[in-house]
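One structure is given here, and the rest of the page talks about it.
The values are calculated or read from the model by the stated rules, or taken from the named source; none is laboratory data. Keep in mind the model is a prediction, meaning the values are calculated, not measured. All Cβ positions, glycine included, derive from the backbone under ideal geometry; neighbour counts span all protein chains shown.
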Amino acid sequence: MRRACDIRRRRVRGRRIASLLVSVVCSLVLAFCMCACSLSDVNEQGQQFGKVMDGLVSGGSQPAGNSGGGSAEDAAAPIATDSVYASFDDGAAVSVGAARVDTSHVAQGYLGVKMSDEGTFKVRLEKDETYTYDLSSDGTPNYYPLQMGDGTYRLTVYRNVTGNKYSTEGTKNIDVKLDNEFQPFMHPNVFSNYDEKSAAVAQAQSLCAGLSTDTEKVSVIYQWLSKTIQYDYDFAKNPGNGYVPDPDRTLSTKKGICFDYASLAAAMIRSQQIPCKLITGYVQPNDIYHSWNMVYLQDKGWITTNIQASVDEWGRIDVTFEATGGDAQFVGNGSNYTTRYTY
């Protein structure tokens, strides 16, 4: 009897040690998957902007399963949008300081801003939260998501004066009524920029040719990304200040950090008229700052490695962890994920 008890104790001890080793290994995997870019928050009073990944600014995070706007009836209805691309209507644009702002597509979940002037500029959108973005000065339209749902947004354009000091170029209140809550996640934006000529769109169309359900399309895109794109450990050590991903660049180089994975995944999935959120936030147990996606599926639930999504709900997909061999415990039902910003 005593020997049997000793054997049982050794077995329990062995399982505990094995469990500890698994936890250590998974922690190392997470450490490798991190973006390796510490974030400096924007001062809450707007006195200075973040130094790294400037689009990730102070403000409360939005619940991952609720984008605002629309209703329960909207969520159950077929998801439709006029176009999965974005366009800038010069005829409808108004001046906000030196910037030109197009509000003609706010029902489709995005806002267009152009600046043709020398200098460094920022755009800030405020409603329930605050999001601050870079604004290019070469006259190219920049598209910003209206992810805070229906209501009045306050747009402010800032011009850099010196160092971290910015002056207000102009402000405008914008009333938003979305066609449905999914619209902000069905179009390009500054962190997942694409158009009908993008290589990312062509790749998604090739992969999804002949597929009829959203489940099949998301699954094949997810699997292709996790097997094709390599994690760029060298670049992750120092991605630089204000890093902005480019889906086509990631597709061309076949490597990137977590922000690149999530950006490319969003571009490919949205191009198939499937709502897809690009999310940044923290992953436990090591509180790593990370990027991932959430996809809304209307047809059958789907299962791929580490992921399961049910009918008519947002399903979390983490291409970075899958591509680098991350453990399922860090994806699963999302209990280890804390959303900070949604794009």
>> Anything in region 143-196 that is among the acidic types (Asp, Glu) and touching a Lys or Arg at 6+ places or on another chain (Cβ under 8 Å)? List them, or say none.
In response: 150, 169
> Out of all the residues in region 227-243, is one or more of a type outside the set (Gly, Ala, Ser), touching a residue at least 60 places away in the same chain (Cβ under 8 Å) and under 18 Å from residue 275 (Cβ atoms)?
Replying inline: no
> Taking region 116-137, which residues are of a type in the set (S, T, N, Q) and not in a strand (DSSP E or B)?
Replying inline: 120, 136, 137
> Any idea which of 118, 126 is in contact with a Ser or Thr (Cβ under 9 Å, 6 or more places away or on another chain) and at pLDDT below 95?
Replying inline: 118
> Pick from region 125-145 the residues that are within 16 Å of residue 341 (Cα to Cα) and not hydroxyl-bearing (Ser, Thr, Tyr): which of them is nearest to the chain's Cα centre (by Cα)?
Replying inline: 145
> Which of (1) without any contact (Cβ under 8 Å) to a residue 60 or more places away in the chain; (2) hydrophobic (A, V, I, L, M, F, W, C); (3) closer than 13 Å to residue 110 by Cα is the odd one out, the single condition residue 135 does not satisfy?
Replying inline: (3)
> Name the residues in region 184-201 that are among the small types (Gly, Ala, Ser), within 17 Å of the chain's Cα centre (by Cα) and either more than 18 Å from residue 125 (Cα to Cα) or in a loop (DSSP other than H, G, I, E, B) (or both), would you?
Replying inline: 200
> Checking residue 181 against (1) buried (at least 19 other Cβ atoms within 10 Å of the Cβ); (2) among the acidic types (Asp, Glu); (3) assigned to a helix (DSSP H, G or I), which test does it fail?
Replying inline: (3)
>> Looking only at residues that are crowded, with 24+ Cβ neighbours inside 10 Å and farther than 22 Å from residue 142 by Cα in region 239-262, which one is farthest from the chain's Cα centre (by Cα)?
In response: 256
> Of the numbered conditions (1) over 16 Å from residue 145 (Cβ atoms); (2) at pLDDT below 90, residue 268 satisfies every one except a single condition; which is it?
Replying inline: (2)
